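Colleague: Can you keep this structure in mind? I'll have questions shortly.
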Amino acid sequence: MADTPNLSTVDAPAGSIEGRIDVDGIHSFLGLPYAEAPTGPRQFAPPVRRARWTDTLDATEYRSTAPQRQSEGPLAGVLPNVIIPGDDYLNLNVWSPDPTAALPVMVFIHGGSWTTGSGAVDGYNGRAFARDGVVLVTINYRLGVDGFLWFGEGPANLGLLDQITALEWVRDNIAAFGGDSSQVTVFGESSGAMSIGALLAMPAARGLFHRAILESGAARHVVDTASARLVATRLAAILGVAASREAIAAVPRERILAAQSQLATEVSKKPRKKLWGDFAANGLPFEPVIDGVSLPRHPLRAIEDGVAADIDILIGSNSQEAMILLAPLGVGKVKRWLLPFVAIRAGLPPLRATNVFRRELPGGRAADHVSNMLTDWIYRVPAIRIAESHPRSHVYEFAWGSPAFDGELGACHGVELPFVFDTLASSDWDILAGKDAPQALAENVHRAWVAFATTGDPGWPAYSREDRQVMNFDIVSSLTIDPRATSRHLWELHR
């Protein structure tokens, strides 16, 4: 008979909660509901905080995750995901070394293009953070249609409002788990980081976190109201219903997810501004909307004006983010003509941009040059824009390459995650990181994240326009000065 796990019980303002104590002494509390299930009349309404429960909540297993489709195609399994059916998915998970302490708190917002992902991935477990004196929280929030579809009426950015509600729950309850609500760091990857870029400018998020880490995402991915209406109207047409949230709410879930996938394909295959407005630039059908209420203005403009001046920022990207798009298709199939085509889409002069990126990587393949330009456009340069605008910013670049696809993925999108969480041993990362990933690098990166969450200093100087110091994480990590300055200057001229 299996051993009965050691149990840990805390009495939080939300209610009594029973979790586990792992063999390493880490307390875990899983599937804690921070808001009511977003179903029925609440499907397209702002989140409602869960009332205090009366019975002790069993928090020994993950609970449901946001509705989504399982990834398919050559990238399936490269970035791990878990889908647990159920309506009560506005929940979060907590790991703590000592519920009686008062420790720094880190809240992770998962990525997935605002359509996939969850906080229930083993590769995101918080045991290493708890081991090193941090209370770690992962969250689930509304995705896709439920989280970001908007016709111009009613509340916008419901997925971001969910994240804010989760942070309010942390503020009010985390002391029961050994966390200090005055030392909260939000961190996220991809659309999770882009969500944080928006949160920095959202009035409702003020005071809920004190530091922010943005991995492979910044403040670029937002759209205007006209663009939101274009996408919402097209989704309604795919479903064959009236252009309203009420009509879409009456459609079965699987049909909505299928239409959502079709919409994503249409946006990526025909990225025309006439069809999709601001969405055309990014190829994504769901992004935060500058609605003038929840998100009053473009977040980068707000950051430039000092709206987040009291928040420490750690931001960066991976050296070859876009290889995750190119390698599965075969890097040899990427042709030289694609580079000027990407330059035009990115707003760069095609001939000059082609020459700059080829000179910066002499002898590189077409795929390498295209990847570098896409990486700059979507990830690296938007990160620099924030760091230039915010004097309390530290910048990193992650350069270790994944062994997947015969090593062609390189330092691609998402590859830093098992190093940040120090979870290389998790089978979730078998494809992306392989069996022989450098544990010393994981310890180095993870230590920097913990240090930043604890002190605001990850271990290297803040970024400034004068010296542009960037920490390069690799087998041998080193501080670099203005890496790839020529291409950075090109983007500066054509911003």
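No value in this document is a laboratory result; all are computed from the given coordinates. These numbers were taken from a predicted model, which means no experiment stands behind them. Heads up, the Cβs are rebuilt from the backbone with ideal geometry, glycines too, and the neighbour counts pull from every protein chain shown.
Colleague: Using only alpha carbon pairs under 8 Å that are at least six residues apart, calculate the relative contact order of the chain and give it in whole percent.
Modeller: Reported as a whole number, the value is 13 percent.
Colleague: Now, a different point. For the chain, how many pairs of lysine residues have a Cα-Cα distance under 22 Å, where the two are 8 or more positions apart or belong to different chains?
Modeller: Lysine pairs satisfying the spacing and distance rule in the chain number 4.
Colleague: Of the DSSP beta bridges with both residues in the chain, give the percent that are antiparallel, rounding to the nearest 5.
Modeller: In the chain, approximately 40 percent of DSSP beta bridges are antiparallel ones.
Colleague: What is the calculated FRET efficiency for Q70 to T39, with r their C-beta to C-beta distance and R₀ = 30 Å, to the nearest 0.05?
Modeller: With a Förster radius of 30 Å, E is 0.90.
Colleague: Would you please report the Å³ per residue occupied by the convex hull of the alpha carbon atoms in segment 93-205?
Modeller: 95
Colleague: May I ask you to give the average projected area over all directions of the convex hull of the Cα atoms of the chain, in nm² rounded to one decimal?
Modeller: 22.4
Colleague: While we're on this one: Can you pull the one-decimal nm distance between simple spin-label points at V23 and E254, each 7 Å off the Cα toward Cβ?
Modeller: Taking the two extended label points, one gets 4.1 nm.
Colleague: Hey, another quick one. Starting from the Kirkwood Rh over alpha-carbon pairs, what translational D in µm² s⁻¹ does segment 74-147 have by Stokes-Einstein at 20 °C and 1.002 mPa s?
Modeller: Approximately 159 µm²/s, per Stokes-Einstein.
Colleague: Additional query: For segment 479-495 and segment 397-436, what is the centre-to-centre distance using only Cα atoms, to the nearest Å?
Modeller: Using only Cα atoms, the two centres lie 26 Å from each other.
Colleague: So if the hydrodynamic radius of segment 312-493 is defined as the Kirkwood radius over C-alpha pairs, what does Stokes-Einstein give as its diffusion coefficient at 4 °C and 1.567 mPa s, in µm² per second?
Modeller: 76
Colleague: Kindly provide the chymotrypsin sites (Phe, Trp or Tyr not before Pro) of segment 160-189 that DSSP labels as loop, not H, G, I, E or B, and whose Cβ sees at most 11 other Cβ atoms within 10 Å.
Modeller: none
Colleague: Additional query: Quick one: which residues, 5 or more positions from F421 or on another chain, have an amide H under 5 Å from its amide H? H modelled 1.01 Å from N in the peptide plane, none for Pro or chain starts.
Modeller: none
Colleague: A further question on this structure: Could you tell me the calculated FRET efficiency between A309 and K335, based on Cβ-Cβ distance and R0 = 35 angstrom, to the nearest 0.05?
Modeller: 0.15
Colleague: Something else now. Starting from the Cα of A101, step 7 Å along the direction of its Cβ; do the same at T455; then give the gap between the two resulting points in nm.
Modeller: Modelled inter-label distance: 1.7 nm.
Colleague: Once a ≥ b ≥ c are taken as the square roots of the eigenvalues of the Cα gyration tensor of segment 28-174, is the result rounded (a/c under 1.5), prolate (a/b larger than b/c) or oblate (a/b not larger than b/c)?
Modeller: Oblate, because a/c is 1.5 or more while a/b does not exceed b/c.
Colleague: With the cut-off at 1.5 for a/c, could you classify segment 256-304 from its C-alpha gyration tensor as rounded, prolate or oblate?
Modeller: Prolate, since a/c reaches 1.5 and a/b exceeds b/c.
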